[in-house]
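*Asks:* Dropping a structure here in structure tokens format, bear with me for questions.
The values are calculated or read from the model by the stated rules, or taken from the named source; none is laboratory data. All figures in this text were calculated on a predicted structure; none of them were measured in a lab. Glycine gets a Cβ as well: all are built from the backbone with ideal geometry, and neighbour counts include every protein chain shown.
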Ligand SMILES: C[S@@+](CC[C@H](N)C(=O)[O-])C[C@H]1O[C@@H](n2cnc3c(N)ncnc32)[C@H](O)[C@@H]1O
């Protein structure tokens with residue numbers, strides 16, 4: 001769903017996430033988001049640590065892609081409210097010519113999108129207000145076409161996004177099919193990067209969160225276990241160390257001290273589109 005106007009009367013996933021990041025600069029949330037976020041925190045006390053561990057993974061994986069894998073093009077869907085450093089700042093610190101397209105479906109992100117446009121002069125960034133569930137509106141957009149060359153490798157990041165995308169067996173709507181639609185549009189040498197919340201490390205807490213979350217935040221979504229998250233990488237080569245909690249993926253940069261598997265309760269991985 002593409003949000004047309006900011007609705008300050010209902011919690012919003014981008015703003016609630018910013019509330020979880022409040023100890024590291026998040027400040028773009030409304031009372032309704034704070035209330036919803038606080039209720040989630042009562043059920044999942046580690047959620048702020050998880051948000052920081054996730055954000056740290058976003059930055060470390062971007063640096064790895066730019067530095068070790070030589071990626072120069074990035075498509076980040078479900079960007080969230082800008083949070084310094086943003087993905088392009090990390091990529092361009094390694095390669096100033098790096099190009100980044102950011103996308104989110106929430107109006108609040110569009111409102112702050114200027115912070116995502118501070119590209120190094122050698123590179124380029126763009127912001128697109130679009131819905132992940134409508135791949136053509138992203139892959140065929142003018143913004144993407146102006147900035148990225150889909151004949152050359154692209155790192156597609158779907159960090160902390162896919163748990164908002166629920167499968168609907170009655171219509172055949174499937175998050176896995178959607179991800180495949182994106183990865184099949186990318187050439188060999190491209191990458192898929194994602195994080196996803198999981199019940200695997202603490203099933204009782206997650207039963208509470210999934211039952212409670214919907215009534216509190218009004219969000220639909222789907223929590224997935226390891227096998228379901230791994231299936232997003234079908235046909236791709238998972239990069240070492242495979243699917244692990246985000247704080248365990250190449251922890252050669254900042255990782256929150258309090259991060260442990262139960263607290264963070266997420267999977268993170270990077271997969272490469274095989275070939276050349
Ligand atoms: C938890 S935040 C993650 C932000 C960032 N990717 C990160 O990992 O730090 C999830 C973001 O996904 C966005 N989102 C949720 N559903 C979406 C959809 N269908 N299309 C595009 N963005 C979506 C939300 O608005 C929110 O900004």
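*Asks:* Kindly provide the set of residues from the range 174-200 that are in contact with a strand residue (DSSP E or B) (Cβ under 9 Å, 6 or more places away or on another chain), under 19 Å from residue 243 (Cβ atoms) and not in a helix (DSSP H, G or I), ordered by number.
*Replies:* 190, 191, 192, 193, 194, 195, 196, 197, 198, 200
Every residue, every condition in (1) in contact (Cβ under 8 Å) with a residue 12 or more places away in the chain; (2) within 23 Å of residue 52 (Cβ to Cβ), yes or no:
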residue: 85; (1), (2): yes, yes
residue: 92; (1), (2): yes, yes
residue: 95; (1), (2): yes, no
residue: 105; (1), (2): yes, no
residue: 114; (1), (2): no, no
residue: 119; (1), (2): yes, no
residue: 124; (1), (2): yes, no
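*Asks:* With 205, 220, 210 as the choices, which residue is within 30 Å of residue 9 (Cα to Cα), part of a helix (DSSP H, G or I) and in contact with a helix residue (DSSP H, G or I) (Cβ under 8 Å, 6 or more places away or on another chain)?
*Replies:* Unique residue meeting the criteria: 205.
*Asks:* Filter the range 8-39 down to the residues that are within 14 Å of the ligand (Cβ to nearest atom), over 19 Å from the mean Cα position of the chain (by Cα) and under 25 Å from residue 200 (Cα atoms) and list them by number.
*Replies:* The answer is 36, and nothing else.
*Asks:* Condition first: more than 13 Å from the ligand (Cβ to nearest atom) and closer than 25 Å to residue 64 by Cα. Can you find one or more residues in the range 100-111 that meet it?
*Replies:* no
*Asks:* Checking residue 3 against (1) farther than 30 Å from residue 247 by Cβ; (2) more than 19 Å from the chain's Cα centre (by Cα); (3) touching a residue at least 60 places away in the same chain (Cβ under 8 Å): exactly one of these is not met. Which one?
*Replies:* The one condition residue 3 does not meet is (2).
*Asks:* Another question, if that's okay. Output yes when any residue across the range 2-15 is in contact with a strand residue (DSSP E or B) (Cβ under 9 Å, 6 or more places away or on another chain), closer than 20 Å to residue 87 by Cβ and assigned to a helix (DSSP H, G or I), and no when none is.
*Replies:* Checking the range 2-15: at least one residue is in contact with a strand residue (DSSP E or B) (Cβ under 9 Å, 6 or more places away or on another chain), closer than 20 Å to residue 87 by Cβ and assigned to a helix (DSSP H, G or I).
*Asks:* Under 7 Å between Cβ atoms, at least 6 apart or on separate chains: pull out the pairs that start in the range 8-35 with a residue that is without any contact (Cβ under 8 Å) to a residue 24 or more places away in the chain and more than 18 Å from residue 159 (Cα to Cα) and end on any residue that is in a loop (DSSP other than H, G, I, E, B) and away from the ligand (no atom under 11 Å from the Cβ).
*Replies:* As it stands, the answer is 30/8; 33/11, since those pairs meet every condition given.
*Asks:* Could you list, in sequence order, the residues of the range 150-165 that are surrounded by 21 or more Cβ atoms within 10 Å (Cβ to Cβ), part of a loop (DSSP other than H, G, I, E, B) and more than 7 Å from the ligand (Cβ to nearest atom)?
*Replies:* Answer for the range 150-165, where residues must be surrounded by 21 or more Cβ atoms within 10 Å (Cβ to Cβ), part of a loop (DSSP other than H, G, I, E, B) and more than 7 Å from the ligand (Cβ to nearest atom): 153, 154.
*Asks:* If I go through the range 112-125 residue by residue, how many of them are under 27 Å from residue 19 (Cβ atoms) and either crowded, with 19+ Cβ neighbours inside 10 Å or within 13 Å of the ligand (Cβ to nearest atom) (or both)?
*Replies:* 4
*Asks:* Given the condition buried (at least 22 other Cβ atoms within 10 Å of the Cβ), within 15 Å of the ligand (Cβ to nearest atom) and on the phi > 0 side of the Ramachandran plot, answer yes or no: does some residue in the range 63-79 qualify?
*Replies:* yes
*Asks:* Also, I was wondering about something else. Looking only at the range 198-214, decide whether some residue is modelled with pLDDT of 95 or more, within 17 Å of the chain's Cα centre (by Cα) and surrounded by 15 or more Cβ atoms within 10 Å (Cβ to Cβ).
*Replies:* yes
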